[in-house]
Amino acid sequence: MSTYNNDIDSVATLKAEQGSKWAAINPEYAARMRTQNRFKTGLEVAQFTADIMRADMAEYDQDSSQYTQSLGCWHGFTAQQMMMAVKRHEKTTKKSYVYLSGWMVAALRSEFGPLPDQSMHEKTSVPALIEEIYTFLRQADARELDILFNELDDARNNGGDVVAAQAAIDNHETHVVPIIADIDAGFGNEEATYLLAKKMIEAGACCIQIENQVSDAKQCGHQAGKVTVPHEDFLAKINAVRYAFLELGIDNGIIVARTDSLGAGLTQKVPVSQTPGDLASQYNAFLETTPVESAADVAEGDMIIKQNGKLVKPTRLASGLYAFREGTEIDRVVLDCIVSLQNGADLLWIETEKPHVGQIAHMVNEVRKVVPDAKLVYNNSPSFNWTLNFRQQEYAAWVEAGKDVSAYPDPATDPRGLMDEKFDTTELALAADKKIQTFQADSAREAGIFHHLITLPTYHETALGTDILSEGYFGELGMLAYVRDIQRKEIRREQASVKHQNLAGSDIGDAHKGYFSGDNALKAGGEDNTMNQF
C-alpha cells in the first residue's frame, strides 16, 4: 500500500528528473492530490468493492450476526450524506453499502419525467447514477483528507504530533463502499443485458441484481401483472452478466438473482422440453392446464402439451399469456432459487408481499436442503405497511398464546384498525415495534439474509422532509421552520452540510489554487467567509 511519504518521494524523484521545468511543482502538493484521488477508474472501484463484498459474504457464512445493510439512493449527494453519517456515527463504513434502485431511477432520474417501475426509463441512466454516486463518495474522501492535510500542517507549524497526523492520512478509511445495482430484467435480450452490465461495471458496480420477469412487461415487484420467464431465458442473462464481469477483469463480481414468482401468476411462453424432467418440463409442471380427451376439447389456436403421459391444454389468457396453478408460488420460488445458485448466481433475492421472518425462513430452508450456503439480499420495502403488518403479527401471536386482546380491534373484521394512533403506546404496539427493530438481526439469523436494504428510503425521506419544511416555512413559522428544524439540528449533529460551501468543495478549490498560483491565488476562504460563523 502506498503511503503519503512514499508518494512525496515518488513525485520528488520525477521532479528531479525534469530539472528546472518543474521548479514550481511541490511534491507534497502532488502527493496530496494523489491521495485524494485513490480510485482512478470505475473498474478500480468495482474490484475494490467486490473484494469487500466477498469478504463480508464469507464472514456472514461463519457468523450470521455479521449481516450487511444499505439504503437506496437516487442521487450521488444522498449516497454521500448516508456514508458520511455512517462513518461519523459508527466510526467505520464496514458492512454498509449503497443500493441503486431501478424504481427510483425511473421515478426520479428519467428524462421522460416520473415513470412507473416498468423499465421504460433510459437504460444509460443506471450506469450514469452509479458513476455519480462514486463521484460524490470520492469527493467525501477528498474533503476529509483535506482536513487531515490541514491538521498535518498545523502539527508542523505548532509543534504537534506530526507522526500521528501522517498516520491519520495513511490510515484514512474511504467512503467508497459496494453498490448493489438494479439492472431490472436486463432491458432487453441477453446481449442487451451484457452491454448494460458492462457499462454498470465500468462505472464501478461490483454487484448486479437481475430479476426473472419478462423484460418488456416488467412490473414493480409489489404490483400486480408480473410475468416470469422460463429458467433457460433467465440463466442466459445471468451468464451475460458473468461474461461482462470476466471480460472487464472483475473475476469475483457478484450476481444477485431475484425471483418474483411468489407474486407472479403468469408466464409469457411455454418452454420446449428436450428430455423428461429437464428445467422446461419442471417449469411447465406448474402451469394451469385442462385435460384433452379429444379434438372437441381443443379450440382453434390452442396449444397442447404432454405431461406425465397425458395430453393437456395450458390455460391461455386473452393477452396470450399462460397462467400458473394457484398454490404453486412457493414451490416455484424454491426451484428458481436452486436453479439460479446452481447456474452462476451468488446471492438470492426473494420478493415477498410482507416482512415475515417465518415465511422467508421456510423458503430459504427449502433451498438450503440443496444449496447449504444459500444467502439472501432482502428488500425491507416501503411498499410494506410495517406498522400494520407487525401489529397484526403480534395480535395473532397474542391470540395463539391465549393473551387478552379485547382492547384491540380484530384484524379479521377491521383490517386497518390497529393503525390508529391511539394504540402507539400500548403493550401490543410496543412489542410489535421491538420486533421491527430486531427484524434484520432475527431474519439474518433465522432466514439466511446476508444483506438488508430499503429500496426507496431517500425518496420518502425527501418527500417527508420537504413537506415538513414547506408546511412551516410557508405557514406561521416562517424562517423559524428552516432554522429550528434544519440548520440548528445540522449544527448540533455536527453535520458537514451546515458548512455547505466546504462540503461542495470550496476549501479543496482554495487549496488547489494555492498549489497552482502560490501567493497570487484568489481564494474564497478568509475572515469574510460566512462559513466561519459555524
How big is the gap, in Å, between the Cα center of segment 1-39 and the Cα center of segment 400-446? 61
Residue-ordered couplings for segment 228-240, obtained by feeding phi - 60° into the Karplus form 6.51 cos²θ - 1.76 cosθ + 1.60 and rounding to whole Hz (Gly and Pro as x), are 8, 10, x, 4, 4, 5, 5, 5, 4, 6, 4, 4, 4
What nm value, rounded to one decimal, do you get for the distance between K310 and E151 when each label is placed 7 Å out toward the C-beta? 7.5
Using θ = phi - 60° and the Karplus curve 6.51 cos²θ - 1.76 cosθ + 1.60, what whole-Hz ³J(HN,Hα) does each residue of segment 271-284 get, with Gly and Pro shown as x? x, 8, 7, 9, 9, x, x, 6, 4, 5, 5, 5, 5, 5
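Kindly put S20, S443, S215 in sequence by how many other C-beta atoms sit within 10 Å of each C-beta, fewest to most. Provide the component values of the computation, followed by the final result.
Details: S20 6, S443 24, S215 21.
With the fewest neighbours first, S20, S443, S215 line up as S20, S215, S443.
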Angle between the Cα long axis of helix 357-368 and the longest principal axis of the chain, 0 to 90 degrees, nearest 10? 80
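At a 10 Å Cβ-Cβ cut-off, how would you order F534, F286, fewest neighbours first? Don't skip to the end; give the middle numbers.
Working: F534 11, F286 19.
Listing F534, F286 from fewest to most nearby Cβ atoms yields F534, F286.
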The list [x] 78, 55, 48; [y] 80, 66, 46; [z] 95, 63, 46 gives values of Cα extents along the principal axes in Å, and only one came from this structure; which label was calculated from it? [z]
Using Cα centres only, tell me the gap between segment 156-186 and segment 346-397 in whole Å. 35
Based only on other Cβ atoms within 10 Å, what is the fewest-to-most ordering of D161, D331? D161, D331
Going through segment 20-79, which trypsin sites (Lys or Arg not before Pro) have at most 13 other Cβ atoms within 10 Å and a DSSP loop state? K40
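Output the relative contact order of the chain, whole-number percent, from Cα pairs under 8 angstrom with separation of 6+ residues.
Numbers: 837 pairs, mean separation 77.1, N = 534.
This gives 14 percent for the chain.
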Among the GluC sites (Glu not before Pro) within segment 1-96, which fall in a DSSP loop and have no more than 16 other Cβ atoms within 10 Å of their own Cβ? none
So what is the calculated 222 nm ellipticity per residue for the chain, using -39500 (n - 2.57) for each DSSP H run with n of 4 or more, over all residues, to the nearest 500 deg cm²/dmol? -15000 deg cm²/dmol
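Only the coordinates and a few stated rules stand behind these numbers; no lab work does. Since we're looking at a predicted model, the values are computed, not measured. Neighbour counts are summed over all protein chains in view; Cβ atoms, including those assigned to glycine, are modelled from backbone coordinates with ideal geometry.
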